[in-house]
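Structure first, then comments.
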Amino acid sequence: MTEKLNMLNALRRSVAHRRAAESLALAIATRARAPEFFRDLGVPDTFNGRFDMVALHGWLVLERLEAEQARSVSQGLINALFESFEDALRDQGAGDMGMGRRVKKIANAFYGRLGTYRDVPDRQALEQALLRNIYGEDRACEAVAARLADYVLAVRARLENQPCAAGTADFGPIAP
């Protein structure tokens, strides 16, 4: 009887973790599509620009999940994000033949962004990483990269007090 109960509890946790991850992926995608990023903060409204916004918000949530030691929710979130990347590629007309190569390229970019953002020691380094990754090192975008860095730090602080492992992420306001 105890073995069946343990198995049932594990299944419930698995379903709860999957739902939490899907909820977080939806929250990330919704925030990443906010028009303020493209209209007010100069993020290119392209596949790459939208990808960068998903990667940036994904990093913030994954960092919080790591602090909560929510490994299964983290893995579920990554899986959900990559499913959405693959769907976006299909929407752009990518077929099965080149899908593996394209997903691998996206994975390299995604994990590269995560590593870069994780390793920034301070606000200035974050600003430079955003300028490089999102704005292609266009020096004309330094002011908006600075505003985006302020936004990222505010979201990071806001998420510190949220139970993201439960499937919620309130990113707060987007800086004007």
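The values are calculated or read from the model by the stated rules, or taken from the named source; none is laboratory data. Note that the structure is a prediction, hence the values are computed from the model and not measured. Using ideal geometry, Cβ is built from the backbone for each residue, glycine included, and neighbour counts are taken over all protein chains shown. The protein model used for the area step is the full one, side chains on, heavy atoms only, and it has no ligands, DNA or RNA in it. Shrake-Rupley method; radii C 1.70, N 1.55, O 1.52, S 1.80 Å.
Listed values, structure above:
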item: Candidate set: the range 150-170, residues that are more than 22 Å from Q69 (Cβ to Cβ) and not β-branched (V, I, T); chosen: the one least open to solvent (accessible area, probe 1.4 Å); result: Y151
item: Single condition G115 does not satisfy, out of (1) surrounded by 12 or more Cβ atoms within 10 Å (Cβ to Cβ); (2) out of contact with any Ser or Thr (no Cβ under 9 Å at 6 or more places or on another chain); result: (1)
item: Number of the exception - E66 against (1) exposed (fewer than 15 other Cβ atoms within 10 Å of the Cβ); (2) more than 17 Å from A169 (Cβ to Cβ); (3) touching a Ser or Thr at 6+ places or on another chain (Cβ under 8 Å); result: (2)
item: Residues satisfying the stated conditions in the range 117-133, i.e. of a type outside the set (K, R) and closer than 28 Å to R71 by Cα; result: Y117, D119, V120, P121, D122, A125, L126, A129, L130, N133
item: Criterion: modelled with pLDDT of 95 or more and of a type in the set (G, A, S) - qualifying residue of A145, A140; result: A145
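Let's see how each residue does on (1) open to solvent by 30 Å² or more (accessible area, probe 1.4 Å); (2) under 27 Å from H17 (Cα atoms); (3) without any contact (Cβ under 8 Å) to a residue 60 or more places away in the chain; (4) not β-branched (V, I, T):
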{"residue": "G76", "(1), (2), (3), (4)": "no, yes, yes, yes"}
{"residue": "S84", "(1), (2), (3), (4)": "yes, yes, yes, yes"}
{"residue": "R102", "(1), (2), (3), (4)": "yes, no, yes, yes"}
{"residue": "Y111", "(1), (2), (3), (4)": "yes, yes, yes, yes"}
{"residue": "L126", "(1), (2), (3), (4)": "no, no, yes, yes"}
{"residue": "A129", "(1), (2), (3), (4)": "no, no, yes, yes"}
{"residue": "I134", "(1), (2), (3), (4)": "no, no, no, no"}
{"residue": "D138", "(1), (2), (3), (4)": "yes, no, yes, yes"}
{"residue": "A143", "(1), (2), (3), (4)": "yes, no, yes, yes"}
